[in-house]
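Some notes on the structure that comes next.
The values are calculated or read from the model by the stated rules, or taken from the named source; none is laboratory data. Please read all numbers here as calculations on a predicted model, not as lab measurements. Virtual Cβ from ideal backbone geometry, glycine too; neighbours counted across all protein chains shown. Remember, those area values only see protein heavy atoms, side chains included, never the ligands or the DNA or RNA. Shrake-Rupley method; radii C 1.70, N 1.55, O 1.52, S 1.80 Å.
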Amino acid sequence: ILEKDEFLNATFPPGFHWGVATAAYQIEGAWNESGKGESIWDKFAHDSRLANRDTGDVACDSYHKYQEDVRMVKSLGVSHYRFSIAWSRLLPDGRSSSLNAAAVRYYNDLINELHANAITPMVTLYHWDLPQALQEIGGWENDTIIDYFNDYAKTCFEHFGDRVPLWITFNEAFVVSWLGYGIGVFAPGVSKPGDGVYRVAHNIIRSHVKAYRTYDKTYRSRYHGKVGITLDCDWKEPITTEAMDRYAAERALQFKLGWFANPIYGNGDYPAVMRSTLDRKSQQEGRTESRLPRFTEEEKRMNRGANDFFGLNHYTTQYVRHNRDDRRSHYEGDQDLYTKVDDCWPGSRSDWLKVNPWGLRRLLRWVRDRYGNPPIYVTENGISDDGSLDDQNRIDFYRAYTNEMLKAILRDGCNVKGYMAWSLMDNLEWTSGYTQKFGIYQVDFNSPNRTRTPKKSAAFFRRLATTNGYN
Ligand code: GBH
């Protein structure tokens, strides 16, 4: 039903921002060095919850090799580097009273090294590595986290804000809520798929908004930076043109992306379909309160407009069919649908990642239509394999996905400002350990100095970034 569109041989708008991305736990290592506190991922890994009992104890050793990392970013010809700060390195017990001077030095050195190379830092505050000390009081389930996160954000704005123009509060609020506290396959491994998951999301949204307002009030006039949140979403295509399947696909997008985006980029509240579905189901379950928390009117006012850009991580697509068989009181059961992938779509080293470039264009249009065409940064996009240097698959992937993004910009008027490839280098792929490689640079995890080598895709990406197109 969907024919492939032709390749668009054109250039990106002048000044388009090209970059590459990483995250602290996936690359830094030095998990307990120079005062760093334990994070929930350190604990999860040490509890053998990762493939092959892998850990991020050393990872790419970027704590010691950041200068080489910056040289790699530089040689890709990109203008931006997206990395994250490890909360438990900066504040070992999570509280701002525990400030670690060695960590301030490390991130200062990294940021200064980037500027010395004319690379703009885009900094993620929370890429999943909560200080374990804060998990011990309930982590994202306990709403005191809102103030702890705000203090942490303030510490970062205070120390680094003069040189960081782009801030991302959270990476993938969905993954934290659902994988961390819903099904518990990610740290901290809590399983509360019917209710806890919604409370965690609620606290993340309120944490984002509070930190955004803090930047607004205290730092914006001084530093003129921008603050957003990064949300992840796959494209959801109705499997037939039947109305019920089209509603189901829309519902899937609202439950996954709208859950966070509607409060922050929309009308300040949860999507109407989540409100009505969860209120109805909660009542049928005999509960006195809805499983979906409520924002106060004041909170809704604060939510609205709490963003300067939309960060979007996108990798793949699924087809959606309306289906009411799954009656579990459970975030997935709540959606009354079923998803599947097309056998024709090429795979990757990750089960969940099938290649479907046009999903990105449709998702960008969906964001344009639902939230008033906000400025968007694609903050992650990429593909996994076994890590070979001859990665034609990765070149094909980047070429096709960025071209769909280009169509979204030139033909559909989507306001896309930049694109960050995931990832600068092979790294610790969370519970998959070192088995799935997303890097443009290969990292030799068997060598003590974690030797980095450019893959074939490095030359492709450099041309893309430096010619601002496909020449
Ligand atoms: C991104 O998540 C992350 O931001 C980044 O850190 C990561 O390295 C990158 O993707 C590549 O995965 O099969 O139960 O383990 C993308 C969203 C959420 C997709 C977790 C894969 C695996 C679920 N990801 N999901 S499971």
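Observations, loosely collected:
- Residues being in contact with a Lys or Arg (Cβ under 8 Å, 6 or more places away or on another chain) and surrounded by 12 or more Cβ atoms within 10 Å (Cβ to Cβ) - total across segment 324-349: 15
- Residue check, Tyr66 over 22 Å from the mean Cα position of the chain (by Cα) and buried (at least 18 other Cβ atoms within 10 Å of the Cβ): no
Residues are listed down the side, and each one gets a yes or a no for (1) at pLDDT 95 or above; (2) within 18 Å of Thr124 (Cβ to Cβ); (3) touching a Pro at 6+ places or on another chain (Cβ under 7 Å); (4) more than 16 Å from the ligand (Cβ to nearest atom):
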position: Gln135; (1), (2), (3), (4): yes, no, yes, yes
position: Phe157; (1), (2), (3), (4): yes, yes, no, yes
position: Gly161; (1), (2), (3), (4): yes, yes, no, yes
position: Val176; (1), (2), (3), (4): yes, yes, no, no
position: Gly180; (1), (2), (3), (4): yes, yes, yes, no
position: Lys226; (1), (2), (3), (4): yes, yes, yes, yes
position: Ile229; (1), (2), (3), (4): yes, yes, no, no
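- Filter result for the condition that a residue is at positive phi and in contact with a Phe, Trp or Tyr (Cβ under 9 Å, 6 or more places away or on another chain), over Gly161, Gly139: Gly139
- Pro165, sole failed condition from (1) farther than 21 Å from Gly94 by Cβ; (2) in contact with a helix residue (DSSP H, G or I) (Cβ under 7 Å, 6 or more places away or on another chain): (2)
- Qualifying residue in segment 327-349 (condition: within 16 Å of the ligand (Cβ to nearest atom) and in contact with a helix residue (DSSP H, G or I) (Cβ under 6 Å, 6 or more places away or on another chain)): yes
- Counting only strands (runs of 3 or more DSSP E) wholly contained in segment 230-349, the ones carrying 3 or more residues that are more than 19 Å from Tyr371 (Cα to Cα) and within 23 Å of the chain's Cα centre (by Cα) occupy 317-322.
- Answer residue from segment 191-207, given it is open to solvent by less than 30 Å² (accessible area, probe 1.4 Å) and either within 16 Å of the ligand (Cβ to nearest atom) or not in a helix (DSSP H, G or I) (or both) and is farthest from His314 (Cα to Cα) among those: Gly194
- From the list Arg368, Arg394, Arg399, the lone residue that is farther than 17 Å from Asp232 by Cβ, of a type in the set (D, E, K, R) and without any contact (Cβ under 8 Å) to a residue 60 or more places away in the chain is Arg368.
- The set of residues from segment 406-453 being away from the ligand (no atom under 11 Å from the Cβ), part of a helix (DSSP H, G or I) and among the polar types (S, T, N, Q) comprises just one member, Thr435.
- Hits in segment 350-373 (condition: among the charged types (D, E, K, R), more than 16 Å from the ligand (Cβ to nearest atom) and either assigned to a loop (DSSP other than H, G, I, E, B) or surrounded by fewer than 20 Cβ atoms within 10 Å (Cβ to Cβ) (or both)): Arg362, Arg365, Arg368, Asp369, Arg370
- Residue match in segment 420-443 (condition: acidic (Asp, Glu) and closer than 30 Å to Asp42 by Cβ): yes
- Asn403 modelled with pLDDT of 95 or more, part of a loop (DSSP other than H, G, I, E, B), farther than 17 Å from Thr22 by Cα and of a type in the set (S, T, N, Q): no
- So Leu76, is it of a type outside the set (Asp, Glu) and farther than 28 Å from Tyr148 by Cβ: yes
- Candidates Asn307, Asn262, Asn303, Asn323, filtered to the one that is touching a helix residue (DSSP H, G or I) at 6+ places or on another chain (Cβ under 9 Å) and more than 23 Å from Val378 (Cα to Cα): Asn323
- If you filter segment 380-400 down to residues that are hydroxyl-bearing (Ser, Thr, Tyr) and in a loop (DSSP other than H, G, I, E, B), you find that the one that is most open to solvent (accessible area, probe 1.4 Å) is Ser388.
- Residues located in segment 38-70, provided they are closer than 18 Å to Val20 by Cα and free of Cβ contacts under 8 Å to residues at least 24 places away in the same chain: none
- The helices (runs of 4 or more DSSP H) falling completely within segment 77-163 that include 2 or more residues that are closer than 21 Å to Ser34 by Cβ and of a type in the set (D, E, K, R) map to 101-116.
- Subset tally (residues that are in contact with an Asp or Glu (Cβ under 8 Å, 6 or more places away or on another chain) and open to solvent by less than 50 Å² (accessible area, probe 1.4 Å)) for segment 29-41: 6
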